[in-house]
Amino acid sequence: MNKVFKDAIEATADIKNGAIIMLGGFGLNGIPENCIAALVKHNVCELTCISNNAGVDDFGLGLLLQTKQIKKMISSYVGENALFEKQLLSGELEVDLVPQGTLATSIQMAAMGIPAYFTPAGYGTEIAIGKEVREFDGKMYLMEKAIHADFAIVKAWKGDKAGNLVFRKATRNFSTSMAKAGNITIAEVEHLVEPGEIDPDEVDVAGVYIHRIFQGSNYEKRIERRTTKI
Amino acid sequence: MALDKFGIAKRIAKELKDGMYVNLGIGIPTLVANYIPQDITVVFQSENGILGMGPYPEEAAIDADLINAGKETVTVINGGAFFDSAESFGMIRAGKIDLTVLGAMEVSDQGDIANWKIPGKMVKGMGGAMDLVASAKNIIVAMMHTNPKGESKLLPKCSLPLTGVGCVKKVVTELAVLAITPNGFQLLERAPGVSVEEIIAKTAGKLIVPDFVPEMEIE
């Protein structure tokens, strides 16, 4: 069994036009920088990208918007990207806006093998249109379905060659659930180590979920809003 | 005189009680964290996956891996914890978060809230707002009483696409504190020096005005 790939170019080489891809991260926090750059290089098009946000104009998924490689985005908040808004209003880009908790849970459900579930988020709003509504104990809920993807691409802080991943601080965000939900999951890591170097007690995502792993490089880790103590 | 945004945040801070787990939205709600009464402990949740969110870091302690739901660099307090967003919203849905404070474009006298979309003009998305308003035990809206055109944001019915229905419990504006009741907005307090008449004039939704309306205590 070998899960180790040389780099992002190699790990993403078989992603074809029209693929459905989940990309971990929240804003620019914990995004798979190497793989996004590789997707730009491979110039795969007509992508459906599932990601909480769409990056900013010149970083993160914004890079794939610049090159018009994305056909459809499934996100909860895209307010940081002016290019996104422009492509959406002009009809070049399709978008499904999904409440953040629903997005996270729909991905988690895919990871758990559960096809659908009920949540109160969005009841009585336009996102409820066409969805089954059901009452439980006097409260109204919408039926939401699991969200699957051909590929899940995540970035972890540390990973071993068996695919076990460890995340740092707030970078777990959507990444741990996506990592478990992808039909094929690609993990880029800041530190790739040998099996045994990660304590099993510390593992956030078990190796079974990870199909490809590689040592990432040149992380910029751009900060969107640099706020400091006044 | 009408309050500024800091005044609104100070008034909302008085709603906090010892032991509460609180989620603060972007904008005025974020400022509430600056005015927590000294004698109580509250824990802030950030829905991307932090419990025990602390203040902004010193320059030297900035960490790109640690941001809040507003994408700002933050810190974590002793006793804090990290988790993923699916768990974070599980916490919210399951009622573990005691209070949510968020901004709004419109609130109806039935407690409906609209804050995520202006058709044809603004498509930013709802983020976590729909999940939060559908599940938090107590929801306080922090907003200005009127929009930049001077039109009331406290309405009989929201005109913008809804974020949630019948969920807002209280509204704090630069002019007043209002509770949502089955009979409409109940005027609880007015900002220092603001007249009841001004609040009536700027509230389009159904407003219940008691005989005596005390001034807010801010400091």
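Coordinate-derived values only; no laboratory data. Keep in mind the model is a prediction, meaning the values are calculated, not measured. Neighbour counts run over all protein chains shown; Cβ positions are idealised from the backbone, glycine included.
Overview of values
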{"item": "Relative contact order computed over segment B:62-156 (Cα-Cα under 8 Å; 6+ residues apart), in percent", "result": "29"}
{"item": "Scattering curve values for segment A:179-225, log₁₀ I(q)/I(0), Debye with Cα scatterers, q = 0.15, 0.24, 0.28 Å⁻¹", "result": "-0.50, -1.01, -1.13"}
{"item": "For segment B:71-175, alpha-carbon Rg relative to the globular expectation (2.2 N^0.38 Å, N residues)", "result": "1.17"}
{"item": "Exposure proxy order (Cβ contacts within 10 Å, fewest to most) of A:VAL166, B:VAL101, A:VAL4, A:VAL78", "result": "A:VAL4, A:VAL166, A:VAL78, B:VAL101"}
{"item": "Stokes-Einstein translational diffusion, chain A - Kirkwood Rh over all Cα pairs, 1.567 mPa s, 4 °C, in µm²/s", "result": "72"}
{"item": "Largest to smallest principal axis extent of the C-alpha atoms in chain B, angstrom", "result": "50, 41, 31"}
{"item": "Radius of gyration and maximum dimension Dmax of the protein assembly as shown, Cα, Å", "result": "22.6, 78"}
{"item": "Extension reserve of the B:GLU198-B:GLN38 stretch, reckoned as 0.36 nm per residue once the Cα distance is removed", "result": "54.2 nm"}
{"item": "Translational diffusion of segment B:114-205, µm² s⁻¹ [Kirkwood Rh, Cα pairs; Stokes-Einstein; 25 °C; 0.890 mPa s]", "result": "173"}
{"item": "Highest-fluctuation residue, A:VAL189, A:VAL98, A:VAL154 considered, GNM on chain A with Cα pairs under 10 Å", "result": "A:VAL98"}
{"item": "10 Å-binned pair-distance histogram of segment B:1-113 (Cα, whole percent)", "result": "13, 43, 35, 8, 1"}
{"item": "Estimated Rh, segment A:164-206: Kirkwood, alpha-carbon pairs, angstrom", "result": "11.2"}
{"item": "Longest DSSP-loop-exposure-free segment, trypsin sites (Lys or Arg not before Pro), chain B, at most 10 other Cβ within 10 Å", "result": "B:1-120"}
{"item": "Computed lengthening from B:THR181 to B:MET122, 0.36 nm per intervening residue step minus Cα-Cα distance", "result": "18.2 nm"}
{"item": "Antiparallel DSSP beta bridges within chain B, percent to nearest 5", "result": "55"}
{"item": "Antiparallel bridges, percent of DSSP beta bridges restricted to segment A:78-195 (to nearest 5)", "result": "50"}
{"item": "Order of B:ASP98, A:ASP96 under a 10 Å beta carbon neighbour criterion, fewest first", "result": "A:ASP96, B:ASP98"}
{"item": "Within chain A, percent of DSSP bridges classed antiparallel, to nearest 5", "result": "30"}
{"item": "Positive-end extreme of charge dipole, segment A:1-140 - chosen from A:LEU65, A:LEU39, A:ALA82 (charges on Cβ)", "result": "A:LEU39"}
{"item": "Selected from A:GLU220, A:GLU126, A:GLU80 as most flexible by GNM, with chain A as the system and alpha-carbon contacts under 10 Å", "result": "A:GLU126"}
{"item": "Equivalent ellipsoid dimensions for segment A:37-131 as semi-axes, Å, which come from the Cα gyration tensor, largest first", "result": "26, 16, 11"}
{"item": "Estimated inter-spin distance, A:ALA13 and B:LYS17, nm [label 7 Å along Cα→Cβ]", "result": "6.3"}
{"item": "Unit Cα scatterers, Debye sum, segment A:125-218: log10 I(q)/I(0) for q = 0.11, 0.12 Å⁻¹", "result": "-0.43, -0.48"}
{"item": "Descending semi-axes in whole angstrom, ellipsoid equivalent of segment A:124-176, from the Cα gyration tensor", "result": "36, 14, 10"}
